[in-house]
Amino acid sequence: MRGPKFPKSLNPSQIFKAMMVSFFRNPIQNNIPEVECSIEEISLVIKKDEYSIKETQERIRACSSKDERQKIKAYMLPYFTPSGLFSVRKKDGLIQHSGFICIDIDDLDSDLMDKINLKEIEKDIILYFISPSGNGYKVIMRIDHDTFSQEENYNSCIKYLSHKLDLSKSYFDKACKDVARACYVSFDPNAYFNSEYNTVPTIDKILNDSGIEEVISNNKEMTISPIQRIGKIDVSHKHDHSNFIKLCSLAVQSVGEYKKGNRHNFIVKLSSLSNKLGVDKKVLKSYCEQMFFDHPETLRKNDIFSLENELFKIIDDIYSRYSGDFNTWESSLEDIPMLDEDIYKKLPRNIERLLAFTEGKQKDVLFLSIMTVLSNWMPKVRGKYDDVMLGANLYSIIMAPPSAGKGIMNLASVLCGTIDDSLRDSYLECLAEYEKELEEWNNLETFPRPPRPQKPLQQRFIVAANVSNTALINAMKNNKNFALIIESEIDSLCNALGNKDWGNFTDNLRKCFHHEPISCLRKTNDEEIKLRKTYLSLLLSGTKNQVKRLFPSAENGFFSRFMFYVMPLDLEWKNVFDEKNICLDDFFEGQAIHFQGHLAPFFETSAITEENRILFEWTKEQKNSFNATFSKRQNELFFQYGAEILASVRRLGIIQFRLSMILCVLRLIDESDAKLNSIEKIVCKDIDFDIAESTVNTLIYHTLEVFNVVSGTKKNKFLSKKRDEWFDSLPTEFTRKNAMDLANHHGIKEKTAENYLSNFINEGKLKRPSYGHYEKK
């Protein structure tokens with residue numbers, strides 16, 4: 001094949017020698033240039049079809065095999081070296097650098113090909129055209145090769161193009177870092193050439209003027225800092241940059257920041273999380289390169305963390321060794337938020353002491369377990385909610401894989417030890433007295449005899465979970481209508497509920513949550529046991545499958561009565577011989593004595609009446625805040641999950657009310673100098689209202705996770721509805737500030753709005769003529 005016949009109208013004397021390139025005839029093995037030519041001459045060759053490039057190109061695009069396509073290109077297509085003139089096509093054969101670099105954008109599907117809009121940035125480009133394969137672009141840009149290396153210029157171009165085009169770095173060919181990189185000639189009649197190419201600024205100046213460096217720097221700082229997230233990873237858009245940010249945050253929370261001494265651990269954790277989410281390895285490497293290639297901790301003097309030889313090898317190793325974990329995120333629970341750490345700084349001191357030796361999700365589990373146990377310890381305290389008097393009783397479930405650490409909840413049961421012992425000792429004492437009286441009664445010879453002595457009722461603070469309906473009601477009757485069930489294996493309760501002889505009593509458990517009457521009929525003497533008011537607390541834990549067994553459906557109302565906390569499996573080995581200088585069992589046994597004494601004014605083993613109960617209430621401001629929050633929350637979750645979720649949302653309101661009740665009683669014990677026996681009314685303090693509200697704000701995400709496990713429901717129309725309403729409200733032309741102001745009006749957070757803008761561009765709904773400015777298409 002002969003070299004191209006360039007138009008005679010072009011005067012070589014008018015071409016800058018420094019902007020010339022070498023043209024080579026095929027095949028690719030030919031590394032001796034055919035002719036020198038200008039970039040403008042190259043653009044004309046691409047727009048014409050004088051050498052049957054179109055015919056070869058159609059053959060390439062019709063070929064399904066990537067390897068076969070590559071062979072055809074290598075054998076049939078001429079090529080040129082965009083970065084300069086060469087005596088022979090190799091690095092040390094460079095005669096004169098052209099001041100250009102060619103960036104290959106590869107492997108785009110048809111949607112991305114349609115969505116990418118290079119027209120927006122034509123003023124910064126020398127030449128671009130569609131590649132011979134038809135699934136990418138060749139983009140030639142001007143660079144300052146005297147000041148910056150070829151690789152530095154390449155990185156700057158990728159940084160600019162990936163940001164402007166909202167395109168992952170995984171689509172950019174890294175081989176373009178090679179100054180002797182060949183570029184195949186394509187046929188593209190619509191190829192763009194900038195006729196003022198000699199005045200186009202170099203990429204370093206473009207970056208400085210665009211402000212992109214600052215945007216990327218801000219993103220980098222936000223990603224590496226430990227941030228308090230709300231919400232979950234968006235599994236339906238695995239490759240979104242917002243997900244990468246969240247994964248980095250999770251890695252920070254788990255193993256610490258990306259810094260010297262911890263860089264390897266951080267990348268291992270990030271790779272593991274990304275693998276589970278199903279992030280393509282190529283995409284992860286691209287994001288990591290963007291984030292870390294010029295990060296200060298990567299470029300430490302005398303201790304550089306090589307991307308190619310260290311970071312990327314870690315990613316390859318994790319994806320290879322744990323290939324079975326790929327795309328298993330739905331069974332991973334690591335992205336569900338923990339309780340806000342700030343609440344632990346505001347708790348009453350008597351609870352703060354109990355949590356001092358735990359951290360992370362184990363601290364959350366212990367806190368919620370203690371709240372549940374103590375909810376059964378103050379039956380005298382009642383508050384008016386929705387025109388009904390409610391006690392403090394809570395139903396709680398800790399859902400976690402085996403050996404995840406949920407057993408920490410059993411420490412809460414240790415707090416009940418002294419009161420359980422006290423009730424048992426009192427019963428044994430009464431029983432001994434009864435047996436003595438019975439013996440005396442049996443020995444009486446006088447008639448008629450006085451009434452037979454009554455056997456004392458055995459009261460139990462904790463009732464076993466593997467109990468029949470009749471036994472549970474009888475135990476509550478003996479306890480004057482209250483009881484606490486603690487069970488670390490949900491199966492025990494499931495077996496009791498499934499026992500045909502005992503009867504399924506989930507209906508009675510549902511009633512107890514609202515203190516409704518329950519009853520049963522004894523078969524032996526046809527005696528009816530009826531409780532007019534019931535005060536039951538439940539603390540359970542189990543695996544996902546056990547939870548699904550307990551709740552075959554989320555619709556029958558039993559599910560909605562629980563507050564849920566979901567724990568992931570921590571893969572790190574725990575030092576089981578860690579010297580804490582304390583035995584937690586002993587410590588909690590000591591605290592149990594403290595609680596029994598201080599909670600005595602709120603505990604009653606006889607019947608509770610209006611005369612001896614203590615009234616709890618919120619302030620007017622707290623009520624207004626609560627109603628506004630839950631009104632908005634209910635509407636949002638209804639659109640997101642449908643009517644099935646409403647019962648859970650509404651009962652989370654009751655749970656918040658009860659949590660604040662418990663906290664207020666505990667704070668009163670901590671701070672009050674008054675005689676607690678004389679208290680008739682408790683008004684909720686703002687600090688306890690805020691703690692309860694923050695706790696429920698987090699528990700919502702845990703509830704939704706379990707709701708999805710039980711019902712299989714996924715998010716539906718809410719998010720897209722809110723996004724579309726925001727898009728419709730945007731004017732035809734607008735700035736980023738306009739968009740963020742309207743997003744705030746629609747209740748959309750700034751980061752989410754930025755992601756939506758990128759998605760709108762990818763979807764072809766928006767274009768960005770300049771940085772920070774948008775136009776609807």
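The values are calculated or read from the model by the stated rules, or taken from the named source; none is laboratory data. As the structure is a prediction and not an experimental result, all values here were calculated from the model. Virtual Cβ from ideal backbone geometry, glycine too; neighbours counted across all protein chains shown.
Listed values, structure above:
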{"item": "Pairs with Cβ under 6 Å, 6+ apart, first in segment 296-307 and at pLDDT below 80, second part of a loop (DSSP other than H, G, I, E, B)", "result": "Arg300/Lys260"}
{"item": "Filtered residues of segment 604-651 (kept if among the aliphatic types (A, V, I, L, M), at pLDDT below 85 and surrounded by 16 or more Cβ atoms within 10 Å (Cβ to Cβ))", "result": "Ile608, Leu637"}
{"item": "Any chance Lys66 is within 43 Å of the chain's Cα centre (by Cα) and over 26 Å from Leu766 (Cβ atoms)", "result": "yes"}
{"item": "Qualifying strands (runs of 3 or more DSSP E) (wholly inside segment 350-432; at least 1 residues being touching a residue at least 24 places away in the same chain (Cβ under 8 Å), out of contact with any strand residue (DSSP E or B) (no Cβ under 9 Å at 6 or more places or on another chain) and over 15 Å from Ala483 (Cα atoms))", "result": "381-385, 388-390"}
{"item": "Test: residue in segment 75-93 that is at pLDDT below 90 and part of a helix (DSSP H, G or I)", "result": "yes"}
{"item": "Some residue of segment 325-335 being modelled with pLDDT of 85 or more, in a helix (DSSP H, G or I) and of a type in the set (Phe, Trp, Tyr)", "result": "no"}
{"item": "Among the residues listed as Lys346, Lys281, Lys276, the single one being within 29 Å of Asp166 (Cβ to Cβ), modelled with pLDDT of 90 or more and not β-branched (Val, Ile, Thr)", "result": "Lys281"}
{"item": "Only listed residue being in contact with a helix residue (DSSP H, G or I) (Cβ under 7 Å, 6 or more places away or on another chain), in the same structural domain as Glu611 (by TED's automatic domain parsing) and of a type in the set (D, E, K, R), chosen from Arg658, Arg667", "result": "Arg667"}
{"item": "Segment 652-683, subset of a type in the set (Ser, Thr, Tyr) and part of a helix (DSSP H, G or I), residue modelled with the highest pLDDT", "result": "Ser660"}
{"item": "Extreme residue, modelled with the highest pLDDT, among residues of segment 166-181 that are assigned to a loop (DSSP other than H, G, I, E, B) and closer than 14 Å to Lys138 by Cα", "result": "Arg181"}
{"item": "Any hit, segment 436-444, residues being assigned to a loop (DSSP other than H, G, I, E, B) and of a type in the set (Asp, Glu)", "result": "no"}
{"item": "Any hit, segment 377-396, residues being under 12 Å from Ser488 (Cβ atoms) and in the same structural domain as Phe603 (by TED's automatic domain parsing)", "result": "no"}
{"item": "Residue count, segment 29-58 (criterion: more than 23 Å from Glu196 (Cα to Cα) and part of a loop (DSSP other than H, G, I, E, B))", "result": "10"}
{"item": "Tally of residues being crowded, with 17+ Cβ neighbours inside 10 Å, closer than 19 Å to Glu359 by Cβ and of a type in the set (Gly, Ala, Ser) across segment 244-273", "result": "3"}
{"item": "Conditions (1) surrounded by fewer than 16 Cβ atoms within 10 Å (Cβ to Cβ); (2) touching a residue at least 40 places away in the same chain (Cβ under 8 Å); (3) not charged (D, E, K, R): number failed by Cys37", "result": "(1)"}
{"item": "Condition check for Pro402: modelled with pLDDT under 85, not aliphatic (A, V, I, L, M) and not assigned by TED's automatic domain parsing to the domain that holds Glu487", "result": "no"}
{"item": "Criterion (closer than 27 Å to Glu152 by Cβ, outside the structural domain of Tyr160 (by TED's automatic domain parsing) and not in a helix (DSSP H, G or I)) met by exactly one of Lys259, Lys285", "result": "Lys259"}
{"item": "Hits in segment 467-487 (condition: surrounded by fewer than 17 Cβ atoms within 10 Å (Cβ to Cβ) and in a loop (DSSP other than H, G, I, E, B))", "result": "Ser468"}
{"item": "Restricting segment 547-582 to residues that are more than 18 Å from Leu497 (Cα to Cα) and of a type in the set (Lys, Arg), the residue that is modelled with the highest pLDDT", "result": "Lys574"}
{"item": "Some residue of segment 60-72 being crowded, with 17+ Cβ neighbours inside 10 Å, in contact with a strand residue (DSSP E or B) (Cβ under 6 Å, 6 or more places away or on another chain) and among the basic types (Lys, Arg)", "result": "no"}
{"item": "Meets criteria (within 24 Å of Cys583 (Cβ to Cβ) and either at pLDDT 90 or above or within 28 Å of the chain's Cα centre (by Cα) (or both)) for Val381", "result": "no"}
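For (1) touching a residue at least 40 places away in the same chain (Cβ under 8 Å); (2) over 30 Å from Lys54 (Cβ atoms); (3) surrounded by 20 or more Cβ atoms within 10 Å (Cβ to Cβ), each residue gets a yes or a no:
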position: Ile103; (1), (2), (3): yes, no, yes
position: Ser110; (1), (2), (3): no, no, no
position: Asp114; (1), (2), (3): yes, no, no
position: Lys123; (1), (2), (3): yes, no, no
position: Gly134; (1), (2), (3): yes, no, no
position: Ile143; (1), (2), (3): yes, yes, yes
position: Asp173; (1), (2), (3): yes, no, no
position: Asp204; (1), (2), (3): yes, yes, no
